[in-house]
Every structure is written in structure tokens, then in C-alpha cells.
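Step one of this worksheet: look at the structure below.
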Amino acid sequence: MKKILIMHGPNLNLLGEREPGVYGSDSFESINNEIIAHGMEHGMHCEVFQSNHEGELIDELHIARKKYDGVILNAGAYTHYSYAIRDAIAAIKIPVIEVHLSNIHARDEFRSKSVIAPVCRGQIAGFGKYSYLAALDAMSYILSADREDGDGQ
Ligand code: DQA
């Protein structure tokens, strides 16, 4: 069974109470439960990691490279300026899919820039919690497509 790490960056632990008009009113815990259940439907085992600290997210990406087949990452505000997280993604070979609940391209100007996008396999944004579920669908697809290609990326 493929193992997928779901990584949430800063302030995402407050989902449900944080700006519900933007991020929805489902709690962090219930969203994670839906993600885990959706992963199971695809035959993927999902584990969840959340941190408000840049270095901890980087450490976890390093750990993930040997422990998981792929990462689904919502880096929160770090998306827009963390070259250190970008470098960590570039350093590992497993696919990382960038996710956002909100449409980052339709909000404040500073949010429309993602410094991690060029080193991620793709970006899904704007569908609330379904962004994570769509990312799992995409992860299932690319892991099987990569296997067929035999490139292991
Ligand atoms: C976010 C968008 C970011 O701009 C913001 O800083 C977040 C959440 C999203 O999921 O829509 O913390 O990544």
C-alpha cells in the first residue's frame, strides 16, 4: 500500500475557527479524517503532520523522502516566501503536490506568488477541503503513471 504524507503548515491547525468565510467551517480534525478515508478508497495509507514552524516542516520533508511515496503539502503562508521549503522539496525525489483551500490567485496580490510551485508536481487550489481530496486523486494517478513509465519520480 502506498504511503502518503499530508503536511499542513502554519495556522492550519485552526481550521474550522480560522476565517471560516475563506477556509470553511469544518474542523482540522474532520478534514483530516476525510482525507484519510479518501486515501483508503484509493488504497493509500495517509499520515498527517502539522507544524507552525518552518524548520520542522523541512525536517519532516527530509524524513518523508525515505518513509513515504508522496507528499501533499499545504505550506500555508510559507508558500509565498519560503525558499528553504522550496529547496527541501527540490532536494527530495518523491512527488510533492501543492494544495490550498482557497484560490490563492484570487486573493491578496502577495498570495498569488508561490515560490514552491516550480518544484512541485502540480498545484490544486480553490476547492476548500476538496483540494486535498483532488490532490489524493492526482497522487494516485501519478504514482501509477510513474510506475508504468518506470522512472520512479
Ligand atoms: C492557504 C493560503 C495561504 O495564502 C494562507 O497563508 C494559508 C492557507 C490555503 O490553504 O488557502 O495559511 O495555504
* Asked: What accessible area, in Å² to the nearest ten, does a 1.4 Å probe give for Ile142?
  -> 20 Å²
* To do: For Tyr141 and Val119, compute 0.36 nm times the residue count separating them, minus their Cα-Cα distance, and round to one decimal in nm.
  => 6.1 nm
* Structure fact -> From highest to lowest solvent-accessible area (probe 1.4 Å; ligands, DNA and RNA excluded), Ser25, Ser30 read Ser25, Ser30
* Asked: Three principal axis extents, largest first, for the C-alpha atoms of the stretch 2-149, in Å?
  -> 41, 32, 25
* To do: Could you tell me the accessible area of Asp108 in Å² (1.4 Å probe, neighbours in place), rounded to the nearest ten?
  => 70 Å²
* To do: Calculate, for the chain, the solvent-accessible area per residue in square angstrom, rolling a 1.4 angstrom probe over the heavy atoms of the protein chains.
  => 49 Å²
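The values are calculated or read from the model by the stated rules, or taken from the named source; none is laboratory data. A quick note: this is a predicted structure, and the numbers were derived from the prediction, not measured. Each accessible area value is taken on the protein alone, full model and side chains, heavy atoms only, with ligands, DNA and RNA left out. Shrake-Rupley method; radii C 1.70, N 1.55, O 1.52, S 1.80 Å.
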